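FYI, it's all coordinate maths here, none of it is from the lab. Keep in mind that this is a model prediction, so the values were computed, not measured. All Cβ positions, even for glycine, are placed from backbone atoms using ideal geometry, and neighbour counts span all protein chains on display.
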Amino acid sequence: MIGVSACLGGCPVRYDGQDQKVAEIADLVKQKRAIPVCPEVLGGLPIPRTPAEIVGGDGFAVWQGKARVVSCLGEDVTEMFTQGAITAYQQLKEKGIEILILKEKSPSCGSQWIYDGTFSGTTVKGVGVATAYFLNQGLRVYSETQWLQEEAIKCK
């Protein structure tokens, strides 16, 4: 069993109320081989919600108190992001999940790239708040692109 970003599994939990469905990942959820989680929703953020980005670093910097998660309206939503990561981890741990497929560029789930905090669409190297927490707890994290590439290699 693996964990996946709920939006990748077809759940409309994204900030704009949409999903980011990847058919192969949605199939894993449908087959009950994957558990969908959304740290942002678990942290108490509504659907839809105001877009947010990490300002001052990445997810690791948030946990170190050096960066914050801020909405495009200037609201500090760091607490909801950190609480959501902790709650998501607890749910994953209860199910014995150690491998995750998470949505790239998300301020929660990005594993290689996140937006730069300027709301300009510019990405920078870094991880999201939940990803940083999961990695610090010893979980293995893949982006949807990494996972799809690995699956393609296995099929060759």
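Placing unit charges on each Cβ (+1 for Lys and Arg, -1 for Asp and Glu) gives the chain a dipole about its Cα centre, and among THR78, GLY96, GLY110 the Cα reaching farthest toward its positive end belongs to GLY96.
Lysine pair count for the chain with Cα-Cα distance under 15 Å and sequence separation of 8 or more or different chains is 6. Of the residues LEU73, LEU8, LEU28, the one with the fewest other Cβ atoms within 10 Å heads the list, and the complete ranking is LEU73, LEU28, LEU8.
Each helix, a run of at least 4 DSSP H residues, gives -39500 (n - 2.57); summed and divided by the residues of the chain, these come to -10000 deg cm²/dmol at 222 nm.
Comparing Cα centroids, the stretch 24-53 and the stretch 110-146 end up 15 angstrom apart.
Under the criterion of Cα pairs below 8 Å and six or more residues apart, the relative contact order for the chain equals 22 percent.
Summing Cβ point charges (Lys, Arg +1; Asp, Glu -1) relative to the Cα centre of the chain gives a dipole of roughly 400 debye.
The residues neighbouring GLU40, those whose beta-carbon lies less than 11 Å from its own, together hold a net charge of +3 under the Lys/Arg +1, Asp/Glu -1 convention. For the chain, the alpha-carbon coordinates run over 45, 31, 26 Å along the three principal axes, in decreasing order.
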